[in-house]
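Take a look at the structure set out below.
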Amino acid sequence: MVLFEFDSSRHNSEHIETIDEIRPAIPWLYFLAGPRVEEKAERWALEVADLLTRHGAGNRRLAVDRCDPWGAEKLKARGIQLFDAQPLMEQARLIKSVQEIASHRVSMDVCDLAIARMCASLVPGITENQLWSIMHGTNVAQGGEWAESRLLNSGPRTNPWFQDASDKLIAAGEMVCFDTDMVGPGGYLSDISRSFICPARRRRRPSATCWTSPRSKSVSISTCCARGCRFASSPRAAGRCPGSSSTTAT
């Protein structure tokens, strides 16, 4: 495996045992190359073509996940056939090693912690941005990396869905919906969607109200699901939420 890296950043990858060689990267993005993009892309393509000649055993096919127009054009000019690498990469990700599963569980634990802290902080008057920042801050503080989106909406902003969090104040009784899209520790994505109701005042025991009731209810509902069962009958069969006089969980 050959890694192309900035000269000043070699130390970040020298300890990785799966990398055989680190070469200086030839930056040909406009942000770094300016008007010399085509020239730099030509040099880059020559180096890639040389690697393919040395290690490809005559094979001129190359799978790429992303390649800007100049790079693709210069590679094709060297007789290289380009193929979409994404299907190969996604299929490879289907197979998880023991270490990968353990790492994914760590990421999920961080995500669960972030959601619990958001739930505990959900009070009237907090903004969507403030509430979302609790999740993001928890992820970063626990060694996580970044978030693919900022999907957190409340009240009338929950429909239509897919809006970024805003400075809207969350009011008591409003539904709050979010999708974590959280890239946690190790780069493992933890994607959970949940909806809460903003209480009239701060909860005394947020963990009990946020987790015990929905978890027991989801288990109860799952036992009622069977082939031929009508959708509307499942919540009724599951019964009412603990501590509630009339509301049925779905």
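If you plug each phi of segment 70-85 into the Karplus form 6.51 cos²θ - 1.76 cosθ + 1.60 with θ = phi - 60°, what whole-Hz ³J(HN,Hα) values come out, in order, with x for Gly and Pro?
4, x, 4, 5, 5, 5, 5, 5, 8, x, 9, 8, 9, 10, 6, 7
If the chain between Val2 and Trp161 were fully stretched, how many nm would it gain, using 0.36 nm times the residue separation less the Cα-Cα distance? Don't jump to the answer; show the numbers that get you there.
On the way: separation 159, 0.36 × 159 = 57.24 nm, distance 4.27 nm.
Separation in residues times 0.36 nm, less the Cα-Cα distance, equals 53.0 nm.
For an R0 of 51 angstrom, estimate the FRET efficiency from the Cβ-Cβ distance between Ala200 and Lys76 and round to the nearest 0.05. Intermediate results must be reported in sequence, preceding the final value.
On the way: r = 64 Å, r/R0 = 1.25.
So the FRET efficiency works out to roughly 0.20.
Using the C-alpha atoms of segment 2-92, what convex hull volume per residue, in cubic angstrom, is computed? Present the calculation step by step, with values, prior to reporting the outcome.
Numbers: hull volume 10.9 nm³, N = 91.
Cα-based convex hull of segment 2-92, divided per residue, equals 120 Å³.
Expressed as a fraction of 2.2 N^0.38 Å, the rule-of-thumb size for a compact globular protein of N residues, what is the C-alpha radius of gyration of segment 104-151?
Computed over Cα atoms of segment 104-151, the ratio equals 1.12.
Roughly speaking, what is the centre-to-centre gap between segment 142-188 and segment 12-66 when only Cα atoms are used, to the nearest Å?
37 Å
Could you calculate the contour length gain from Cys67 to Arg23, that is, 0.36 nm times the residue separation minus the distance between their Cα atoms, to one decimal place in nm?
14.0 nm
Average the reciprocal distances over every distinct pair of alpha-carbons in segment 98-203, invert the result, and give the Kirkwood radius in Å.
Working: mean 1/r = 0.0724 Å⁻¹.
About 13.8 Å for segment 98-203.
Readers should treat all values here as calculations from the given coordinates under stated rules, not as data from a laboratory. If you're wondering where the values come from, they're calculated on a predicted model, not measured in any experiment. When we count neighbours, we look across all protein chains shown, and the Cβ atoms used for this are built from the backbone with ideal geometry, even at glycine.
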